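S.K.: My structure is below; once you've seen it, I'll send some questions.
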Amino acid sequence: MNVGELLPDFVGLSSVLTGYDANVIAPPLDPLDDNTVAMQYLRLMLAKADNEIFLQTLAVFREIVAGPPDLSDPWNWPGAKDPDFKPPADLTAQVKAQILSDPDMAAMSRRMIRLWYLATWYVNEPPDFAGEVVSMDAYKQGLAWPTFQAHPMGYSELVFGYWADPPLTAGQTPPAPRISGAASATPAAVERGGKQRGGV
């Protein structure tokens, strides 16, 4: 089985289940290439989920999108790339009727939703606290963060120690980066635009 052939169905169903545009959850020109978060999730589902039910869920979705109008390319759905994207209403209705009405496929769909939002695979269904984070990239790109309008806990694009400086006001120049300890970024790295990250 070619995993790449399953990706459009996986991303399309994920888009309907999460409400996020396929171009947001699985950018077609992702810099991580074959190691995109979508591919990580798809491989994890194939390795750890009940394959019979998972593949059945994707097959039912494939049948839904193959009918007129052809919606087999989730990256080009009507309204894609619109900030207020909503999956096509008739597609959503068919997913509810054909997938979410089946107890096994509905449980599989909930696992997919948790993966996209929390970047965590829970061993038990319903989930308990025993879960494994898929990867650091997946954690940072979890849909929970933009939904909550927050950044991932324990991660920031800002320089370590940024909280020690008061916020800038209009017309102020940012202070030079603070460098401390032997493990810190070198001044040359900072000048080249390198980022220094620290643990929490």
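S.K.: Which chymotrypsin sites (Phe, Trp or Tyr not before Pro) from region 96-177 combine a DSSP loop assignment with at most 13 other Cβ atoms within 10 Å?
M.R.: Here the chymotrypsin sites (Phe, Trp or Tyr not before Pro) that fit, given the DSSP loop and packing criteria, are Phe129, Tyr155.
S.K.: For region 1-139, what relative contact order do you get, as a whole percent, if you take Cα pairs closer than 8 Å and at least 6 residues apart?
M.R.: Relative contact order here is 27 percent.
S.K.: Output wanted: per-residue J couplings in Hz (rounded whole) for region 152-160, from phi through Karplus 6.51 cos²θ - 1.76 cosθ + 1.60, θ = phi - 60°, x for Gly and Pro.
M.R.: Listing the rounded values in order: x, 4, x, 9, 8, 7, 7, 5, 3 Hz.
S.K.: Now for a different question. Grab the eigenvalues of the alpha-carbon gyration tensor for region 79-118, scale each by 5, take roots, and send me the semi-axes largest first in whole angstrom.
M.R.: 21, 16, 5
S.K.: Another question, if that's okay. Mean separation of Cα pairs under 8 Å and 6+ residues apart, divided by the residue count of region 66-141: what relative contact order is that in percent?
M.R.: 14 percent
S.K.: Continuing with this model, one more query. Placing unit charges on C-beta atoms (Lys and Arg positive, Asp and Glu negative, everything else neutral), compute the dipole magnitude of region 107-170 about its Cα centre in debye, rounded to 20.
M.R.: 220 debye
S.K.: What is the magnitude of the charge dipole of region 3-148 about its Cα centre, with +1 placed on the Cβ of each Lys and Arg, -1 on the Cβ of each Asp and Glu, and no other charges, expressed in debye to the nearest 20?
M.R.: 340 debye
S.K.: Still on this structure, I have one more. For Asp90 and Trp163, compute 0.36 nm times the residue count separating them, minus their Cα-Cα distance, and round to one decimal in nm.
M.R.: Length gained, Asp90 through Trp163: 21.5 nm.
S.K.: Once Lys and Arg get +1 and Asp and Glu get -1 on their Cβ, which of Ala38, Val95, Leu143 lies farthest toward the positive end of the dipole of region 3-148?
M.R.: Leu143
S.K.: Just order 93-102, 67-76, 37-46 by mean Cβ neighbour count inside 10 Å, highest at the front, would you?
M.R.: 37-46, 93-102, 67-76
S.K.: Checking the cross-link filter: which aspartates and glutamates have an alpha carbon closer than 17 Å to that of Lys96, excluding same-chain neighbours under 8 positions apart?
M.R.: Cα-Cα hits under 17 Å: Asp9, Glu63, Asp104.
S.K.: If you find the alpha carbon centre of region 86-159 and of region 50-71, how far apart are they in angstrom?
M.R.: 19 Å
S.K.: I'd like the Kirkwood hydrodynamic radius of region 3-148, using the inverse of the mean 1/r over distinct C-alpha pairs, in Å.
M.R.: 15.4 Å
S.K.: Label points 7 Å out from Cα along the Cβ direction at Ala144 and Ser101: separation in nm?
M.R.: Computed distance between label sites Ala144 and Ser101 equals 3.3 nm.
Computed from the coordinates by the stated procedures, all read-outs in this text should not be read as laboratory data. Every value quoted in this text rests on a predicted model; they were computed, and no experiment measured them. Virtual Cβ from ideal backbone geometry, glycine too; neighbours counted across all protein chains shown.
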